[in-house]
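Accompanying notes for the structure given below.
The values are calculated or read from the model by the stated rules, or taken from the named source; none is laboratory data. Please read all numbers here as calculations on a predicted model, not as lab measurements. Please note: Cβ atoms are built from the backbone with ideal geometry, for glycine as well, and neighbour counts cover all protein chains shown. To get the accessible areas, we keep the full protein, side chains included, count just its heavy atoms, and leave off ligands, DNA and RNA. Shrake-Rupley method; radii C 1.70, N 1.55, O 1.52, S 1.80 Å.
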Amino acid sequence: MANKFLLVDPEESLDLIKGLASAVRVSILKLLGLNGPKNVNEIASELGLPQSTVSSNLQILEDTGLIVCRVVKARKGSQKVCESAFSEILVAFRDIHGARDDNRIEVSMPLGLYTQCEVSAPCGLCSPDGVIGLLDVPNTFLEPDRMKAGLLWFTRGYVEYQFPNNAKLKNTRPSELEFSMELSSEVPGTSAEWPSDISLQVNGVHVATWTSPGDFGDKRGVYTPEWWKLSGSQYGKLKTWRINSDGSYVDGVRVSDVTLTDLEIDRHRSIRMRIGVHEEAEHPGGINIFGRGFGNYDQDIVMRIR
């Protein structure tokens, strides 16, 4: 079975979660996932369970879509052969409260809509449908098709995005600014141990640096398309930079003294966010930025103002 992943929101898929809530059904899924398709008798024999128990639990798994069953010819009549529908199941809770928060302004920026860039090879861009332009040619980052990008990478340099300052348009004073994106290091091939210092800059002010531990390729990303080679970068880590009156944070950990006041947001009609790897970085291990259609999080670069 080809790698196929399922991302589950428990609040929207209670039946599926209930399908997993059984030691017998989990054992069946594990057996099918590790050893491939099997018929009812084979499953019962390998797990040491009555055939009736296996049959009833297979029906639940089939009803919830966790396994796929088909009837095939046997020496005497026919038999039911079952296989796991997914190689990995991920459980994630969506932020259902965000849409109801009247004090939050959110803007999603497609990966290819950067307004400035300066990158060095190895570098490249991909859409969910294929490679954009030429690999390892920095000028490809100027191609009009960059607007379709779902993955981009480079060794050193930056891409800069210009977000609308909707807080200024609404004549409100922000208390917090946040940027969220999926990131990893970049190395030819992949390596889980390849640190890279990835820095965020806002309105020309260096906010903070996060050190990515590696370039992840141990398994296909949940949304990474099948055509993308398994030897390439598959997914990253979803990182959140947050700046408020107390300082700057990465994933809730305070990392610098830069505050909203330092960014002078109320003086600008737009908010310029630059992400990249500095020439003088201690760990210049490159950067992958994953957008829609790649990685483990099907999202653009997101800016939130509270």
When the helix-only estimate is applied to the chain (DSSP H runs of n ≥ 4, each -39,500 (n - 2.57), divided by the residue count), what is the mean residue ellipticity at 222 nm, nearest 500 deg cm²/dmol? -4500 deg cm²/dmol
At a 1.4 Å probe radius, carbon and sulfur cover how many percent of the accessible area of segment 177-306? 47
What is the Cα centroid distance between segment 218-280 and segment 35-88, reported in whole angstrom? 45
Å² per residue, accessible surface of the chain at 1.4 Å: 51
Note, Ser256: beta-carbon cut-off 14 Å, +1 each Lys/Arg, -1 each Asp/Glu, net -3
Report the local net charge at Ser120: Lys and Arg +1, Asp and Glu -1, summed over other residues whose C-beta lies under 13 Å from its C-beta. -3
Give the Rg/Rh ratio for segment 172-249, taking Rg as the radius of gyration of the Cα atoms and Rh as the Kirkwood radius, to two decimals. 1.09
When the chain is fully extended, how far beyond the present Cα-Cα distance does Ala74 get from Leu113, taking 0.36 nm per residue of separation? 8.4 nm
So what is Rg over Rh here for the chain, counting just Cα atoms and using Kirkwood for Rh? 1.08
How big is the shadow of the Cα convex hull of segment 105-165, averaged over all directions, in nm²? 4.3
Anyone know which of Glu264, Glu42, Glu226 comes out most mobile in the 10 Å Cα GNM of the chain? Glu42
Given a 10 angstrom Cα cut-off, can you work out which residue in Ile265, Ile287, Ile243 is the most mobile in a GNM of the chain? Ile265
How long is the gain from Leu49 to Glu193 if the chain were fully straight, where each residue apart is worth 0.36 nm and the alpha carbon distance is subtracted? 47.5 nm
Within the under-11-Å Cβ sphere about Asn57, not counting Asn57, Lys/Arg +1 and Asp/Glu -1 give a net charge of -1
